Amino acid sequence: MHIKKLAAEVPAKVKSAIGDSVAASSQPTVGQPKCGGAGFIGPCPIDAVGNFHETGGGWGHRSDGSLVVAPATPGPNCVPGPGKTCDYYPLPQDQDDWNTVKYPAGQWHVHPAGVANGEGWAQGPTDKDVEGAAAWPINIVVGAADKQVYFFGPSGVIGNMNLKDFLKK
Ligand SMILES: [Zn+2]
């Protein structure tokens, strides 16, 4: 599918929430980070400076067709480094609201811009992101450093576009 067609399937309200996630990723963590789950070890510090935690969300429709846009709890503070990945799977802040969704439509998350000791986040989707893509019709990763919106599926990246162009109404 052409990348612009795919972008046109993302509702304006969702695009706005994605813009908010990109902005939040560069700021100190607000709210409770999501800790625990597979592969998570140790304490769950918050990102006190910004650019070192992931943000994201999901959207879908209730059976009456109404749209639910669900920002996710932010990821824990993570500093990328050799052999260390900072993967994150967005989980809704308001699980009760999300439970009203009958048709999940898409998910997004932001790969932060932080660089430490010359190491930064991959800006496009990671292997783990691609592994989790089958559950969603639309999967988006935004690179906060390269300002690209990556659409991907179970076979990898479908295409990418400029964040500014994507956010245009
Ligand atoms: Zn990711």
Quiz prompt | Other-chain or far-sequence residues with amide H under 5 Å of residue 158's (modelled H) | solution = 151, 152, 153
Quiz item: One-quarter of the Cα convex hull surface for region 32-169, in nm²?
Solution: 9.1
Quiz item: Label residue 135 and residue 85 with points 7 Å out from Cα along Cα→Cβ: what is the distance between them in nm?
Solution: 1.6
Exercise. Choose one answer from 124, 31, 156: the residue with the largest mean-square fluctuation in a GNM of the chain with alpha-carbon springs under 10 Å.
Key: 31
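Filter 84/128; 4/168; 4/128; 15/169 down to the pairs with a C-alpha to C-alpha distance above 18 Å, please.
Details: 84/128 13 Å; 4/168 12 Å; 4/128 25 Å; 15/169 9 Å.
Pairs exceeding the cut-off: 4/128.
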Self-check item: Volume per residue that the Cα convex hull of region 72-138 spans, once the total is divided by residue count, Å³
Solution: 89
Quiz prompt | Extension gain, residue 49 back to residue 16 (0.36 nm per residue minus Cα-Cα distance, nm) | solution = 9.5 nm
Self-check item: Computed [θ] at 222 nm, helices only, for the chain once each DSSP H run of length n ≥ 4 contributes -39500 (n - 2.57)
Solution: -5000 deg cm²/dmol
Quiz item: With θ set to phi - 60° and the Karplus curve 6.51 cos²θ - 1.76 cosθ + 1.60, what are the ³J(HN,Hα) couplings of region 77-87 in order, to the nearest whole Hz, using x for Gly and Pro?
Solution: 4, 8, 10, x, x, x, x, 10, 10, 10, 6
Quiz item: Which far-off residues, 5 or more places away or on another chain, put their amide H under 5 Å from the one on residue 54, with H placed in the peptide plane?
Solution: 75
Exercise. Indicate, rounded to the nearest 5 percent, the antiparallel portion of the DSSP beta bridges found entirely in region 73-169.
Key: 70
Exercise. Springs between alpha-carbon atoms under 10 Å, Gaussian network over the chain: tell me which of 140, 158, 18 tops the mean-square fluctuations.
Key: 158
Quiz item: Can you give the three extents of the C-alpha atoms in region 100-157 along their principal axes, from longest to shortest, in whole Å?
Solution: 44, 23, 16
Exercise. Measure nothing but the geometry: give the 0 to 90° angle between the long axis through the Cα atoms of 12-25 and the longest principal axis through the Cα atoms of the chain, rounded to 10°.
Key: 0
Quiz item: How many nm is it between the label spots at residue 2 and residue 100, if each spot is 7 Å from the Cα in line with the beta carbon?
Solution: 3.6
Self-check item: Within straight-line cross-link reach of residue 102, aspartates and glutamates at Cα separation under 19 Å, skipping those fewer than 8 residues along the same chain
Solution: 9, 64, 94
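We did not get these values from a lab; they are worked out from the coordinates using the rules stated. Small disclaimer: the values here were computed from a predicted structure and weren't measured. Heads up, the Cβs are rebuilt from the backbone with ideal geometry, glycines too, and the neighbour counts pull from every protein chain shown.
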